[in-house]
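Colleague: Once you've had a glance at the structure underneath, I'll fire off some questions.
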Amino acid sequence: MKYVIGGNVMLDTVRFADGTEHTQESIGGPATFAYSGVKLFTDDVMQCSRVGEDYHPLFDPWMEKNGVESKGFRIVSESCNHSYLVYNEDTTYSFDKTIIGDLSFLSEWTQNQGYMKTSPADFGDFTCEGDTKGIYLAQNYDRVFWDQLGAIKNRDGFKVMWEIEGPSSQNKYLDKVIYACQYVDIFSLNIEEAQNLFDVQGDEACIQKLQTLPVDFTLFRVGERGLYAVTKDHAYYLPPAPGPFVDPTGCGNTSTGAALYAYVEGYDPLMIGIVANVASAFNIRQFGVIQDFAAVRDEAMAQVKELYDQYRKEFAL
């Protein structure tokens, strides 16, 4: 496959700031949402994730409907990680531990987070086939992990999109993050993570710091305000793409996956940001992941073209 998307799978229940909640679990997790951001634009993509046996009831109908390749899913546990997301008024979220349950369950959830991550070797099982051009991972700064992935990248020649995990986005880890970035082509983080990583405040200060990283492009996400497409010399601000609003869960992951697709396809930085925003807008239309990619692909592509024509004029490109 041209794109291999690795990382965790979650089964999500969501409660919004006004107290309403989704009445059933939805397919989720960074890898699944990132996969959807690529799948919205191409079928030449697979997900590479370790999952629990209980992924079948929710995933199987969705996979069959959308022709999702199943060989990248490896069952390693009795259950996926189930999360109860609680949104705040400012669109940030936390986990309701009273809903997650007793300490033994929470301990099990935490333990699963580790061994259910996609390893460099897991990626290598598929990138070694020779046709992979880009991979996505939500990952920490661990040096051994990145050295191993770097060796596989050197062997197989793909591009890497790194969506940094929140706990790694602290200023005390900046040197470790910079070390990992030597293996990264395209980087993604949100404003909270950027401010914590660089110990600065505000969009402009974050952008200045991001432009010093040894990566080619950064997708700098600023929540409900949209995103910046950041290169060494420019930062294009793009407000969210228009569309109905249902559930913001996974929008950052979805936009990040879509940005990987646009980057590997050779689009310019403005187009990469627009593709990411459009994918996020289509993700936000329903609970959980996009349900039918073929049904909305043409509409998504048309919106990308319309917005690109608009912003190219505004930025005088």
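The values are calculated or read from the model by the stated rules, or taken from the named source; none is laboratory data. These numbers come from a predicted model, not from an experiment. Neighbour counts are summed over all protein chains in view; Cβ atoms, including those assigned to glycine, are modelled from backbone coordinates with ideal geometry.
Residue-wise test of (1) touching a Ser or Thr at 6+ places or on another chain (Cβ under 6 Å); (2) at pLDDT 90 or above.
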{"position": "TYR55", "(1), (2)": "no, yes"}
{"position": "LEU106", "(1), (2)": "no, no"}
{"position": "ALA121", "(1), (2)": "no, yes"}
{"position": "ASP131", "(1), (2)": "no, yes"}
{"position": "ASP156", "(1), (2)": "yes, yes"}
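Colleague: Next question. Which residue, of VAL51, VAL45, is at pLDDT below 95 and either of a type in the set (D, E, K, R) or crowded, with 24+ Cβ neighbours inside 10 Å (or both)?
Modeller: VAL51 is the lone residue from the list that is at pLDDT below 95 and either of a type in the set (D, E, K, R) or crowded, with 24+ Cβ neighbours inside 10 Å (or both).
Colleague: What is the one condition in (1) part of a helix (DSSP H, G or I); (2) within 22 Å of LYS39 (Cβ to Cβ); (3) of a type outside the set (Lys, Arg) that LEU137 does not satisfy?
Modeller: Single failed check for LEU137: (1).
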